[in-house]
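Trainee: Okay, handing you the structure first.
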Ligand SMILES: [Zn+2]
């Protein structure tokens with residue numbers, strides 16, 4: 001047998017395997033981890049554990065480059081921050097990309113609920129051009145928004161291809177940089193419970209990756225604004241904000257972008273059905289950044305606070321619904337905690353000493 005025959009067969013075999021591997025690889029989120037100096041081996045392992053929880057439930061075929069750092073002292077009360085690169089997309093293009101990528105019943109309802117045309121309206125307040133008076137807290141309808149503010153990861157979920165950038169402080173081009181403060185003590189292994197006096201490190205990273213994926217609200221840019229500005233300067237309406245409603249905004253058939261203490265909720269059908277509640281803002285709302293679920297509600301991993309000695313929420317169906325309608329393809333269901341576990345968590349939240357620490361995404365540039 002001529003020696004050339006064997007390599008040829010081998011080559012065909014290898015190509016066949018590569019094709020199979022490629023077919024398998026189209027079904028999942030992939031994360032490229034970059035660990036910045038100061039991130040211990042222990043922390044790196046826990047970060048990979050948190051990342052694997054997301055890659056096991058998100059089926060969109062994209063690769064994200066995320067930088068992690070756990071050696072810096074963040075402000076007191078802050079456990080973690082996420083700084084994403086952001087892109088603005090025309091609303092009409094966003095809607096058509098969402099429709100193209102629609103894979104679930106929730107996606108179909110969500111796409112149908114979005115206003116047609118090139119713009120959308122929103123309820124807003126505290127602006128310099130509020131008809132009720134400059135800076136008034138009275139909500140009013142701002143009709144002409146034309147762009148959607150997307151985290152780099154969210155934009156990739158919608159099929160956009162681009163280079164990451166170094167602006168969020170990444171080692172090289174990246175989609176987001178996640179920092180976990182070195183100010184506090186952590187338990188890096190949640191599988192045997194969380195040691196009293198420490199925080200659930202994997203849980204915090206799980207939460208921060210959720211922000212990178214696009215669980216953020218531009219309402220924080222309004223809530224935290226230090227100067228009075230016109231509505232037109234608050235352009236950071238995220239994909240998630242397109243499903244942010246209140247009873248008042250639903251009555252006007254627009255989303256709710258106000259910073260105040262009225263209840264805001266996720267609605268995938270134009271405000272008609274009230275989904276899980278959102279936090280309302282640190283300054284003008286309920287005290288928690290709007291880029292979260294409502295505090296103490298047990299809705300999911302994107303709750304604003306975590307307590308010492310308690311394992312943080314796992315990824316819930318509410319978390320997945322939010323990511324699903326902003327452009328991700330997710331598994332259809334996650335195992336929910338047993339009723340007994342939910343009850344115990346509820347008791348801990350009510351009776352436990354509040355040692356919660358705020359966790360938030362970086363403040364988005366408005
Ligand atoms: Zn957060």
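The values are calculated or read from the model by the stated rules, or taken from the named source; none is laboratory data. Since the model is a prediction, treat every value here as computed from it, not as a measurement. Every residue, glycine as well, gets a Cβ built from its backbone with ideal geometry; the counts of neighbours run over all protein chains shown.
Trainee: I'm checking my understanding of the structure. Among residues of the stretch 279-308 that are closer than 26 Å to residue 190 by Cβ, in contact with a strand residue (DSSP E or B) (Cβ under 7 Å, 6 or more places away or on another chain) and more than 10 Å from the ligand (Cβ to nearest atom), which one is modelled with the lowest pLDDT?
Mentor: The extreme case among them is 297.
Trainee: If I go through the stretch 45-67 residue by residue, how many of them are touching a residue at least 24 places away in the same chain (Cβ under 8 Å), assigned to a helix (DSSP H, G or I) and over 16 Å from the mean Cα position of the chain (by Cα)?
Mentor: Selection size over the stretch 45-67: 4.
Trainee: Something else about it: For the stretch 13-29, check the following and say yes or no: at least one residue is within 28 Å of residue 157 (Cα to Cα), surrounded by 10 or more Cβ atoms within 10 Å (Cβ to Cβ), within 28 Å of the chain's Cα centre (by Cα) and modelled with pLDDT of 95 or more.
Mentor: Within the stretch 13-29 (the criterion being within 28 Å of residue 157 (Cα to Cα), surrounded by 10 or more Cβ atoms within 10 Å (Cβ to Cβ), within 28 Å of the chain's Cα centre (by Cα) and modelled with pLDDT of 95 or more), the answer is yes, since at least one residue qualifies.
Trainee: If you check 237, 254, 216, which single one turns out to be within 14 Å of the ligand (Cβ to nearest atom) and buried (at least 21 other Cβ atoms within 10 Å of the Cβ)? Steps first, please.
Mentor: Working: 237 fails: within 14 Å of the ligand (Cβ to nearest atom); 254 fails: within 14 Å of the ligand (Cβ to nearest atom).
Selected residue: 216, the only one of 237, 254, 216 that is within 14 Å of the ligand (Cβ to nearest atom) and buried (at least 21 other Cβ atoms within 10 Å of the Cβ).
Trainee: Tell me which residues, restricted to the stretch 182-203, are free of Cβ contacts under 8 Å to residues at least 60 places away in the same chain and out of contact with any strand residue (DSSP E or B) (no Cβ under 9 Å at 6 or more places or on another chain).
Mentor: 191, 192
Trainee: Oh, and also: Please specify each residue of the stretch 77-96 satisfying the condition of being in a loop (DSSP other than H, G, I, E, B) and either under 16 Å from the mean Cα position of the chain (by Cα) or away from the ligand (no atom under 16 Å from the Cβ) (or both).
Mentor: We begin by selecting, within the stretch 77-96, every residue in a loop (DSSP other than H, G, I, E, B); these are 77, 79, 85.
The one that is in a loop (DSSP other than H, G, I, E, B) and either under 16 Å from the mean Cα position of the chain (by Cα) or away from the ligand (no atom under 16 Å from the Cβ) (or both): 85.
Trainee: For the stretch 32-44, how many residues meet the condition of being in contact (Cβ under 8 Å) with a residue 60 or more places away in the chain and in contact with a helix residue (DSSP H, G or I) (Cβ under 9 Å, 6 or more places away or on another chain)?
Mentor: 2
Trainee: Another one. Residue by residue through the stretch 234-278, note down the ones that are assigned to a strand (DSSP E or B) and either within 16 Å of residue 323 (Cβ to Cβ) or free of Cβ contacts under 8 Å to residues at least 60 places away in the same chain (or both).
Mentor: Once the filter is applied, which keeps residues that are assigned to a strand (DSSP E or B) and either within 16 Å of residue 323 (Cβ to Cβ) or free of Cβ contacts under 8 Å to residues at least 60 places away in the same chain (or both), the stretch 234-278 yields 238, 244, 245, 264, 265, 266, 277, 278.
Trainee: Could you tell me which of the residues 122, 206, 177 is touching a residue at least 40 places away in the same chain (Cβ under 8 Å), within 30 Å of residue 60 (Cα to Cα) and part of a helix (DSSP H, G or I)?
Mentor: Going through 122, 206, 177 in turn, the sole match is 206.
Trainee: Looking at (1) assigned to a helix (DSSP H, G or I); (2) touching a strand residue (DSSP E or B) at 6+ places or on another chain (Cβ under 6 Å), can you tell me which one residue 107 breaks?
Mentor: All conditions pass for residue 107, except number (2).
Trainee: Every residue in the stretch 222-231 that is surrounded by fewer than 24 Cβ atoms within 10 Å (Cβ to Cβ) and either in contact with a helix residue (DSSP H, G or I) (Cβ under 9 Å, 6 or more places away or on another chain) or in contact (Cβ under 8 Å) with a residue 12 or more places away in the chain (or both), please.
Mentor: Selection gives 223, 224, 225, 228, 229, 230, 231.
Trainee: Given the options 283, 301, name the one that is part of a loop (DSSP other than H, G, I, E, B), in contact with a helix residue (DSSP H, G or I) (Cβ under 8 Å, 6 or more places away or on another chain) and closer than 25 Å to residue 145 by Cα.
Mentor: Values: 301 fails: closer than 25 Å to residue 145 by Cα.
Answer to the selection: 283.
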